[in-house]
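To start, the structure itself, in structure tokens.
Values in this text are rule-based calculations from the coordinates and carry no lab data. Bear in mind the structure is a predicted one, so any value in this text is a computation, not a measurement. Virtual Cβ from ideal backbone geometry, glycine too; neighbours counted across all protein chains shown.
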Amino acid sequence: MKEESEINDEIKKLVIARIDARMPPNIKISIGGGGSLSKEEMIEHVRKGDEKGKQIIKMHMNFIKAVTSGEFIKEINKV
Amino acid sequence: MVNLSKRSIRFKMQNGLIITCPEHDDATAYLTFFSKEITDGAEKRSLKIKKVTKKELNICSFSKILTKLGYRLVVLNGHGSHDSVFGYKNNLIVKLGKNDRLLKERLVYARSCNAGTELGPNCMEGSKDGCFIGYDVPFIFYMDSEWTTKPHNDKVAKLFLEPSNLIPVSIIKGNSAIESHNNAKDQMLKMMNNLIKGEQKQETPFYLEALWNNYQGQVIYGNAESKL
């Protein structure tokens with residue numbers, strides 16, 4: 001459990017660093033109910049690890065998995 | 001509230017569109033704004049259109065509308081969960097076990113988070129000519145806050161909302177549910193291709209992630225060959 005928690009903390013740090021470095025301040029995300037989230041709100045949800053934070057992390061991880069497995073390239077080459 | 005789940009729902013289906021238009025936050029305002037392409041398409045095809053707004057966007061009023069109007073195509077814009085779709089100020093409008101049977105023989109597109117996990121498959125169980133298209137993940141889109149008062153100029157939101165519009169727009173043009181589902185998925189792939197091949201901005205990977213999320217999570221249940 002400790003190991004999983006540490007991994008999650010590492011992933012959180014990675015996702016937060018990425019949002020912080022690359023997300024322009026004018027871009028907002030709509031994910032789930034309650035209106036859109038600013039860059040700072042995204043980071044806060046990820047930091048807290050609440051439902052929206054988990055969804056943001058999951059989206060990020062799913063994409064990385066798809067890229068590394070080759071699934072993403074395979075799909076976009078269909079068109 | 002009358003429980004409609006066990007009633008026999010019988011009415012004559014017509015070629016019409018029922019579309020929910022909640023506008024209580026910026027996300028739902030965008031969904032409503034971008035729905036104009038859907039209603040314009042329906043007008044061109046002379047479909048009857050019922051836009052459901054604010055006070056009608058609660059489970060009681062919405063159930064009455066569905067009962068009264070046998071319009072085949074139903075577009076649900078709004079927040080969602082595994083078993084529900086919400087309307088104005090997040091009042092319930094559709095809930096599994098309450099009024100989902102009113103959707104059974106229709107073509108339903110839920111532009112909502114997660115409604116494709118339980119609501120979608122269950123509301124189409126035993127359906128002959130109905131079909132549900134939605135998402136078994138959160139439906140995600142980005143927007144540019146510089147354009148929130150003029151969403152038609154928001155090129156970021158267009159990346160996500162135009163492909164999703166293609167589902168009902170294709171159905172309105174006479175395509176089957178599965179063709180419309182595939183058209184929207186192909187459009188998402190084209191958007192991702194354009195993002196990769198186009199000017200690389202620092203935020204591009206975020207858009208790819210979200211498009212991939214919507215692409216992978218778009219699901220279809222019921223009779224996929226159904227048409228309007």
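Of all DSSP bridge pairs formed entirely within the protein assembly as shown, close to 45 percent run antiparallel. Nearest 0.05, what FRET efficiency do A:Lys58 and B:Lys128 give at R0 = 45 Å with Cβ-Cβ as r? The formula returns an efficiency of 0.80 here.
The base-10 log of I(q)/I(0) for the protein assembly as shown, evaluated at q = 0.07 Å⁻¹, reads -0.26 [Debye formula, identical scatterers on Cα atoms, solvent excluded].
Between the stretch B:139-167 and the stretch B:60-97, how far is it from one alpha carbon centroid to the other, in angstrom? Between the Cα centre of the stretch B:139-167 and that of the stretch B:60-97, the gap is 23 Å.
Extending 7 Å from the Cα toward the beta-carbon at both B:Lys68 and B:Lys190 defines two label points whose distance is 3.9 nm. Candidate cross-link partners of B:Lys158 among the lysines, defined by an alpha-carbon separation under 20 Å and a same-chain spacing of 8 or more, comprise A:Lys28, A:Lys39, B:Lys36, B:Lys150, B:Lys185, B:Lys190, B:Lys197, B:Lys201.
For the stretch A:2-76, averaging the sequence separation of C-alpha pairs within contact (under 8 Å, six or more residues apart) and dividing by the residue count gives a relative contact order of 22 percent. For the stretch B:14-222, the antiparallel share of DSSP beta bridges with both residues in that region comes to about 35%. Using the membrane-span-like helix rule (whole DSSP H runs, Cα extent along the own axis of at least 15 Å, mean Kyte-Doolittle hydropathy at least -0.5), which helices of chain B qualify? Taking the DSSP H segments of chain B (at least 15 Å long, mean hydropathy at least -0.5), we get B:155-172.
Residues B:Asp154, B:Asp136, arranged from fewest to most other Cβ atoms within 10 angstrom of their Cβ, appear as B:Asp136, B:Asp154. Stokes-Einstein D for chain A at 37 °C, 0.692 mPa s, Kirkwood Rh over Cα pairs, in µm²/s? My calculation gives 239 µm²/s for D.
Neighbouring Cβ atoms from other chains, within 10 Å of the Cβ of residues in A:20-27, number 5 on average. Spin-label pair A:Asn77-B:Glu199: with each label point 7 Å from Cα along the Cα-Cβ axis, the two points sit 2.9 nm from one another.
Of B:Asp129, A:Asp20, the sequence from fewest to most neighbouring Cβ atoms within 10 angstrom is A:Asp20, B:Asp129.
Ordering A:Met42, A:Ala21, A:Gly32 by Cα displacement along the dipole of the stretch A:5-51 toward the positive end leaves A:Ala21 in first place; charges were set at the Cβ atoms of Lys, Arg (+1) and Asp, Glu (-1).
Taking 4 °C and 1.567 mPa s as conditions, the stretch B:67-192 diffuses translationally at an estimated 85 µm²/s according to Stokes-Einstein applied to its Kirkwood radius (Cα pairs). In this rough spin-label picture, where each label sits 7 Å from Cα along the Cβ direction, the B:Glu179-B:Cys60 distance is 4.3 nm.
Under a no-solvent Debye model with one identical scatterer per Cα of chain B, what's log10 I(q)/I(0) at q = 0.07, 0.13, 0.15 Å⁻¹? At q = 0.07, 0.13, 0.15 Å⁻¹ the computed log10 ratios are -0.20, -0.70, -0.93.
Taking the fewest neighbouring Cβ atoms within 10 Å as the starting point, the ordered list for B:Phe33, B:Phe160 is B:Phe33, B:Phe160.
The GNM of chain A, with springs linking C-alpha atoms under 10 angstrom apart, assigns the highest mean-square fluctuation among A:Lys65, A:Lys28, A:Lys52 to A:Lys65. Taking a quarter of the surface of the Cα convex hull of the stretch B:127-228 gives a mean projected area of 7.1 nm².
Overall, the stretch B:14-222 carries a charge dipole of about 880 debye about its Cα centre when +1 sits on the Cβ of Lys and Arg and -1 on the Cβ of Asp and Glu, all other atoms neutral.
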